[in-house]
Each structure stands twice: as structure tokens, then as C-alpha cells.
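All of the numbers you see were taken from the coordinates with simple rules; none came from a lab. Being a predicted model, the structure only gives us computed values, none of them experimental. No Cβ is skipped: glycine too gets one built from the backbone with ideal geometry, and neighbour counts run over all protein chains shown.
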Amino acid sequence: MKKQEELKVLYTDNHLVVVEKPAGMLVQGDSTGDETLLDITKQYIKEKYNKPGDVYLGLVHRLDRPSSGVIVFAKTSKAASRLTDQFKNKQIKKKYLALVQGMIPRNGSYEDYLYREEKVSKVSRLKKGDFAELSFKQLAFQRNVSLAEIDLKTGRHHQ
């Protein structure tokens, strides 16, 4: 896992800090007790700005552990509240990129039902679970791999 000194900070101001999340790292703690991006970023702020005591850092969205990407943390409770509302109301547009083996259509959509069985998300053809929908656009194709831009219409767990 990455250590605090290897944290990639992409942007920071008085209200937020934007960092790169590597694949395999937790954003927030779970039962494994593994190091989290939230904790590493708190430590970074504490050291960089010589902050005494606990550092506040609001978690306003997440990425699944296997995913890499960009995470925005709020430095104040007011910023956390505003950012949470913007994510909830879909005022912030998230883009996902995926590598898919094989040639995919230029664009399309995918609908299914997802349900949780213990700690695993599964797809149901029997309309069991929560409706999940996404649309995609092929951006490139090379060596039998398609690069796709994905727009999640629903935000299901491990969609």
C-alpha cells in the first residue's frame, strides 16, 4: 500500500483536498483494519499544516477498493455538507473509464438487477435485488481491448 509520503495530491484549497486513489486501497476503514486513503490524507494535512490534535476530513464519496481514481475530501464540515448535497443531487458529474476485453459497440446501455449475497454483489436475471443501469461509449480499441467511458445512471454497490 501507499504510504503518506507517496500520497498524490492533485488539488487543495481551504475547503477541500483532491487526491489520487490507487487500486487496491480502501477509501475508508472496514473490518480488515487495512490502511485507508482517508487516514493517509488526514496525516498529510496534519504534517503539512502543523495541525495539533485530530484533523477533520469529510468523506463525501467513495470508490470501491479495486478501483483507482480521484477522491475529493472536505476540509470543513460546511464544505462536506455542500459537497454531499451536490453528489446526492447529481450536480457533480462523475466519469468512469474501464478497459474491456474485446470489441464493444460504439455506444450503448446495460440494465440488470444487482443483489448482495453475504459480501458479494451478484447479477440477477430474475429481477432480484436493485435495478442497475449504465450507459457507455467506446473511446478506443487496440489489441483486442476497448476503452470505455461509463455513465452510471444508478449508483449500486459494486456496479
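One chain, two ends: Thr76 and Asp130. Fully extended at 0.36 nm per residue, the span grows by 16.1 nm beyond their Cα-Cα distance. Placing a label point 7 Å from the Cα of Asp64 along the Cα-to-Cβ direction, the residues of segment 132-147 whose backbone N falls under 19 Å from that point are 132-137, 146-147.
Straight-line reach only, C-alpha to C-alpha below 30 angstrom: list the lysines that Lys90 could link to, leaving out same-chain residues fewer than 8 apart. Within reach: Lys8, Lys21, Lys42, Lys75, Lys78, Lys119, Lys122, Lys127, Lys128, Lys137, Lys153. Calculated FRET efficiency, Glu149 to Val55, Cβ-Cβ distance, R0 = 25 Å: about 0.10 to the nearest 0.05. Only Lys, Arg, Asp and Glu carry charge here, each on its Cβ (+1 for the first two, -1 for the last two); on that basis the chain has a dipole of about 420 debye about its Cα centre. Here the Karplus relation 6.51 cos²θ - 1.76 cosθ + 1.60, evaluated at θ = phi - 60°, turns the backbone of segment 96-113 into coupling constants of 10, 10, 9, 9, 10, 5, x, 7, 10, x, 4, 7, x, 9, 9, 10, 6, 10 Hz, with x for every Gly and Pro. On the basis of the beta-carbon distance and an R0 of 35 Å, Lys122 and Leu7 show a calculated FRET efficiency of 0.55. Sorting 129-137, 34-42, 51-59, 6-14 by average packing, meaning the other beta carbons within 10 Å per residue, from highest down gives 34-42, 129-137, 51-59, 6-14.
If Rh is defined by the Kirkwood formula over all Cα pairs and Rg also comes from Cα, what ratio Rg/Rh do you get for segment 1-96?
0.94
Here the Karplus curve 6.51 cos²θ - 1.76 cosθ + 1.60, taken at θ = phi - 60°, turns the phi angles of segment 129-144 into couplings of x, 9, 5, 10, 9, 8, 10, 9, 9, 6, 9, 7, 9, 7, 6, 6 Hz, with x standing for Gly and Pro.
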